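Each reported figure results from applying straightforward, stated rules to the coordinates on display, with no laboratory input. For clarity, every value in this text was computed on a predicted model and none was experimentally measured. Glycine also receives a Cβ, built like all others from the backbone with ideal geometry; neighbour counts cover every protein chain displayed.
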Amino acid sequence: MATSPAPSRFDTLIVGGGLTGLTLAIAIGRLGARVAVIEAQPLEVLASAPYDGRVTAIALGSKRLLEGIGVWPGMADAAEAILDIEVGEPDSLGMVHYDHSEVGDEPLGWIVENRVTRQALIEAASALDTVHVAAPARIDDIERDAGSVELGLTNGERLRGAFLCVCEGRQSATRERLGIGARRWSYDQLGIVCTLAHERPHGGLAVERFFPDGPFAMLPMRGNRSSIVWALETGLARDVTALDDAAFVAEVQDRFGDGLGRLSLEGPRWSYPLQLVWADSYVADRVALVGDAARGIHPIAGQGWNLALRDVAALAEIVADRMRLGLDPGDGTALGDYAAWRRFDGLALVAVTDGINRLFANDLAPLRLARELGLAAVDHTPPARRFFMRHAMGLVGDLPRLMRGEAL
Ligand SMILES: Cc1cc2nc3c(=O)[nH]c(=O)nc-3n(C[C@H](O)[C@H](O)[C@H](O)COP(=O)(O)OP(=O)(O)OC[C@H]3O[C@@H](n4cnc5c(N)ncnc54)[C@H](O)[C@@H]3O)c2cc1C
């Protein structure tokens with residue numbers, strides 16, 4: 001990572017140095033292009049344990065990208081493979097069991113703590129002298145002309161680049177400042193997240209149960225530990241988070257059963273308001289929205305960051321191809337290609353995650369029966385099971401080269 005005096009001229013500017021922004025910086029920085037990342041938080045805070053407590057299910061396609069840009073070795077030792085997934089409603093016949101061996105030798109995905117991923121990303125970015133990180137800093141002013149973007153930062157730096165990638169997450173201030181509208185609605189749910197230790201090994205099994213008051217996921221972590229992501233209607237979630245540790249664990253045990261033996265809490269509990277945000281456009285003049293800044297989805301399918309990484313891989317590929325041809329990577333043609341490539345995937349996952357959440361939140365008897373029959377049908381149809389597994393693994397659609405395990 002370049003230190004002071006900071007260069008003021010870059011090829012790519014990125015605002016937001018979270019999981020998405022840092023990955024994009026590394027992918028583009030490895031091409032030899034100069035990249036500046038502007039991040040509001042100090043990097044030490046981002047990589048610290050108390051920052052958010054979250055884990056992410058990383059699909060096979062995403063792991064290939066992280067391997068391709070040299071980040072995966074920094075995460076591999078802390079990653080737990082997902083070998084099987086069980087999805088369904090409690091006390092019903094509608095249960096689907098996905099087994100990775102039906103689609104090949106590779107796991108369906110991996111569970112990694114966000115803190116570990118951030119540390120690996122910060123380390124990989126630090127090793128690149130093409131990547132400059134301004135943190136903590138925010139954008140003070142933005143000027144755009146026909147060929148470039150110029151930024152004034154709160155830390156006094158001025159930066160110029162061919163285009164600006166906005167990776168600020170779903171509440172992006174820069175998206176708003178640039179006048180890019182966004183549709184949003186609250187799910188009126190909180191996502192409760194924590195780590196649990198258990199007596200028996202999980203065997204790489206991830207479990208997703210759809211309760212009428214919200215979905216509950218138990219995700220395998222290293223050792224006899226699992227992470228839960230439990231979405232509940234806001235009022236109920238507040239009641240549950242107000243429980244003391246013993247009563248909270250008893251509630252979880254009641255929902256999950258004793259398949260893993262006695263559960264105990266490991267570390268604090270966090271909760272996040274769940275909201276859908278969907279930007280009206282992925283691009284504007286000299287600007288691209290990437291990751292949650294372009295659209296933030298419900299965590300029900302564990303796909304938000306996987307979707308973001310497909311944005312990263314597509315944009316990095318467009319930049320690489322244009323740079324090789326000596327073309328401007330931030331002009332209207334390049335950004336138009338990016339928007340066209342990414343729009344359908346984003347829209348599809350907005351619809352699917354929103355639809356699943358609504359479908360399973362409804363306890364009407366005919367709907368419940370239809371769901372049960374649907375899940376049972378998938379469970380008994382190997383091609384359907386393989387289709388859904390390949391989707392969850394991020395192996396379907398018009399995949400960028402990095403997602404196919406090819407060089408950028
Ligand atoms: C409970 C829960 C569970 C999830 N589980 C999964 C999962 O299993 N699998 C999966 O794929 N996805 C999952 N997701 C989604 C995933 O967490 C997000 O998609 C991912 O964090 C998006 O990363 P991002 O970098 O785009 O945005 P963010 O994580 O929001 O990062 C934005 C970054 O920009 C910085 N920033 C913000 N504003 C500014 C500013 N004005 N100036 C400078 N910097 C700024 C922030 O400090 C931050 O570092 C889950 C989400 C939730 C809520």
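Numbers for the structure displayed
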read-out	value
From phi via Karplus (6.51, -1.76, 1.60), per-residue ³J(HN,Hα) for region 57-68 in Hz, x at Gly/Pro	7, 9, 6, 4, x, 5, 4, 4, 4, 5, 5, x
For region 263-291 and region 60-130, distance of Cα centres in Å	18
Region 1-100: chymotrypsin sites (Phe, Trp or Tyr not before Pro) in DSSP loop, at most 16 other beta carbons within 10 Å	Tyr51
Unit charges on C-beta of K, R, D, E only; dipole of region 118-166, Debye	140
Label-to-label distance, nm, for residues given as Ala250 and Asp285 (7 Å Cα→Cβ offset)	6.3
Approximate spin-label separation Val396-Ala76, in nm, with each point projected 7 Å along Cα-to-Cβ	2.9
Antiparallel %, DSSP beta bridges [both residues in the chain], to 5	75
Rounded to 10°, Cα long-axis angle of helix 382-392 versus longest principal axis of the chain	40
